[in-house]
Amino acid sequence: MSESAEKPAVHNFIRNIIDGDNASQKWGGRVATRFPPEPNGYLHYGHAKSICLNFGLARDYGGACHMRFDDTNPEKEEQEYVDSILEAVRWLGFDWGEHQYYASDYFDRLYLFAEYLIEHGLAYVDSQNADQIRARRGNLTEPGQDSPYRNRTPDENLELFRRMKAGEFPDGTHVLRARIDMASPNLNLRDPVIYRIRHAEHHRTGNTWCIYPLYDYTHCISDALERVTHSICTLEFEDHRPLYDWVLDQLQPLIHWHPQQIEFARLNLTYVVLSKRKLIQLVESGTVSGWDDPRLPTLAGARRRGFTAAGFRLFTDRIGVSKSDTWIDMAVLEECMREDLNLAAQRRIAVLDPIRLVLDNYPQEQREECLAPNHPLHSEAGKRPVGLTRELWIEREDYQETPAKGFFRLYPGNRVRLRYAYVIECTGADYDAQGNLLCVHANLLPDTKSGTPGADSVKVKGNIHWLSINEAIEAEVRLYDRLFRVPHPGTSQDFMLDINPESLRVVQARLEPALAQALPEDRYQFERHGYFVADRRDHNPQQPVFNRTVGLKDTWVKTT
RNA sequence: AGGGGAGUCGCCAAGUGGUAAGGCAUCGGAUUUUGAUUCCGACAUUCGCAGGUUCGAUCCCUGCCUCCCCUGCCA
């Protein structure tokens, strides 16, 4: 992979905050961030932005970024997700060193802190059920009403809370609530629930607990216990910041550390959906082949698609970070991948839609080798021989019986260069009775072979790729395109109806023989087509399978 | 409607009381054995709107408009 030149970071509001903190010595020059996913699903492109942001800041400021799982909801979380998340973060090129944590690591302390809150009259056990709590919460304009249990004594609360922990009550019968203000205009401050009873097995703590803390209570304490300095999250948590601060303010005597929560705008990308609910629907409906389908905007899918970690990092730098809710065009991500791949990927030849070309003046038994550079930008990558014979495979779209305006490839009477070989002149084509193109004919112009003194004696505009019929191998090539055909799926109809019916086209292509030796996940540019990757699951030398990562820019199709 | 946020070029995004960075896209032109890449050039008299303060405002003040988020015992 190329080290896409990490250019000097541009200013953004988060860096400004950190610079200010460093100047004032607020944290003694420390910078500690964290990436805190819940292990209840697969990571997607949006997470890549957060990962690159958090780990990138830690790297740039000589700090650390903690990998922490927010695993407080046992019914939804699984080890499988933990594993896939760790793999994805590692794949993106980041290392958390020793700093791998779980909110569940803190269950004991979280519990003790809750008792402290109870003892100080800052939390109480509410015995209303969920509906009753909801009914008394009020709404956007009306204040809530106090729970009838709000004034239980600390002793009473403590006893109840301990019995909750001991498993004496069924799910939903009691909760622990922070005692803040039922009339607050911020709904999050209307005595938020901080513990609930869940007789469920947790993926790490098993059946040790039957009460589990909620996010608002857990996250801030976890940050503080880890001595995080800047707790970066997405915009929808802005309303939660007062609660984050409230909890840590109350616990100040016990924890002595109070990270700053900073919110940024999550990634919105055109032509895909990033909501967990919609991704699940795509997978479960069979619209895509699984969580790592190359069309899915998951990191597992991205990897299988051939996207690169460096491309994602470049993308994150390029789109910046701010608090404005914006949409990034998918073309930006694609261009970042091209930019990385152009430097990193060796070139190879593939004919995706083969049609036969016969060089009528070339002897049947003759064969000669032509040398093709492996990378035009890196001569040290060397050259490889490609065999030229009388009959070749060329791209069907490189021939037009009656050429469109501006078309400068093969048509009767026109000359083009067989890339890395000779200039040829087209003499016509054969068709079957139904008028289908069978094969194209041409004559080779001697003395025009690439690399020989007379090579440029004949000037041509067109330059096409080819493969010897005798030597090319067959392969399955999966041509992936955007999953949706509209920039904002689901705006005018159900998003499932906006699926691009041509998001995957599978073709039986011809490849140069060397490609059979490719290893899964090896990336190449198929010249004049785009970037492709050997499928990490299905590719093998006997049955090569390549996925199109992204096409080359093509100003010709754009003008036609 | 109550609370919390955001509005700077087609898309992102810096910036700041002193006269609008950069990237992507786009459009020209050069190079090119990938209609790719690379290169060179062009690209906001203007910062949501309306007032006000000021010698001077995108930046300060006032009012307005638009968009996003919030009524889980999810995160």
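Numbers below:
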item: Residue check, A:Glu521 in a loop (DSSP other than H, G, I, E, B) and of a type in the set (Asp, Glu); result: yes
item: Count - residues of the stretch A:265-313 that are touching a Ser or Thr at 6+ places or on another chain (Cβ under 6 Å) and under 26 Å from A:Val477 (Cβ atoms); result: 5
item: Candidate set: the stretch A:108-132, residues that are assigned to a helix (DSSP H, G or I) and open to solvent by 30 Å² or more (accessible area, probe 1.4 Å); chosen: the one nearest to RNA strand B (Cβ to nearest atom); result: A:Ala130
item: Qualifying position, being of a type in the set (Ser, Thr, Tyr) and either touching a residue at least 24 places away in the same chain (Cβ under 8 Å) or touching a Leu at 6+ places or on another chain (Cβ under 6 Å) (or both), among A:Ser50, A:Ser24; result: A:Ser50
item: Selection status of A:Pro242, touching a strand residue (DSSP E or B) at 6+ places or on another chain (Cβ under 6 Å) and more than 25 Å from A:Glu78 (Cα to Cα); result: no
item: Among residues of the stretch A:410-461, those that are within 13 Å of RNA strand B (Cβ to nearest atom) and either in a loop (DSSP other than H, G, I, E, B) or not assigned by TED's automatic domain parsing to the domain that holds A:Gln364 (or both), counted; result: 19
item: Pairs, first closer than 22 Å to A:Leu53 by Cβ and touching a residue at least 24 places away in the same chain (Cβ under 8 Å) in the stretch A:212-233, second of a type in the set (D, E, K, R) and surrounded by 24 or more Cβ atoms within 10 Å (Cβ to Cβ), C-beta under 6 Å, six or more apart; result: A:Val228/A:Arg34; A:Ser231/A:Asp223
item: Candidate set from the stretch A:484-504 (those that are in contact with a Leu (Cβ under 7 Å, 6 or more places away or on another chain) and part of a loop (DSSP other than H, G, I, E, B)); member that is surrounded by the fewest Cβ atoms within 10 Å (Cβ to Cβ); result: A:Asn500
item: Helices (runs of 4 or more DSSP H) lying entirely in the stretch A:215-262 (those with 2 or more residues that are away from RNA strand B (no atom under 15 Å from the Cβ) and open to solvent by 40 Å² or more (accessible area, probe 1.4 Å)); result: A:241-250, A:252-255
item: Single residue of A:Ala178, A:Ala183 found to be among the hydrophobic types (A, V, I, L, M, F, W, C), at pLDDT 95 or above, within 12 Å of RNA strand B (Cβ to nearest atom) and surrounded by fewer than 18 Cβ atoms within 10 Å (Cβ to Cβ); result: A:Ala183
item: Considering residues of the stretch A:74-88 that are open to solvent by 30 Å² or more (accessible area, probe 1.4 Å) and under 18 Å from A:Gly301 (Cα atoms) only, the residue nearest to RNA strand B (Cβ to nearest atom); result: A:Tyr81
item: Matching residues, the stretch A:44-73, being open to solvent by 10 Å² or more (accessible area, probe 1.4 Å), assigned to a loop (DSSP other than H, G, I, E, B) and either touching a Phe, Trp or Tyr at 6+ places or on another chain (Cβ under 6 Å) or hydrophobic (A, V, I, L, M, F, W, C) (or both); result: A:Thr72
item: Failed item, numbered, when A:Ser2 is tested on (1) open to solvent by less than 20 Å² (accessible area, probe 1.4 Å); (2) modelled with pLDDT under 95; result: (1)
item: Hits in the stretch A:133-151 (condition: surrounded by 14 or more Cβ atoms within 10 Å (Cβ to Cβ) and part of a helix (DSSP H, G or I)); result: A:Ile133
item: A:Glu339 within 8 Å of RNA strand B (Cβ to nearest atom) and open to solvent by 30 Å² or more (accessible area, probe 1.4 Å); result: yes
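Here's the yes/no breakdown for (1) more than 9 Å from RNA strand B (Cβ to nearest atom); (2) open to solvent by less than 10 Å² (accessible area, probe 1.4 Å):
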{"residue": "A:Asp292", "(1), (2)": "yes, no"}
{"residue": "A:Arg295", "(1), (2)": "yes, no"}
{"residue": "A:Ala300", "(1), (2)": "yes, no"}
{"residue": "A:Gly311", "(1), (2)": "yes, yes"}
{"residue": "A:Leu359", "(1), (2)": "yes, yes"}
{"residue": "A:Leu371", "(1), (2)": "yes, no"}
{"residue": "A:His375", "(1), (2)": "no, yes"}
{"residue": "A:Val386", "(1), (2)": "yes, no"}
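The values are calculated or read from the model by the stated rules, or taken from the named source; none is laboratory data. From a predicted model like this one, the values you see are computed outputs, not experimental measurements. All Cβ positions, even for glycine, are placed from backbone atoms using ideal geometry, and neighbour counts span all protein chains on display. When the accessible area is computed, the model is the full protein with side chains, heavy atoms only, and any ligands, DNA or RNA have been set aside. Shrake-Rupley method; radii C 1.70, N 1.55, O 1.52, S 1.80 Å.
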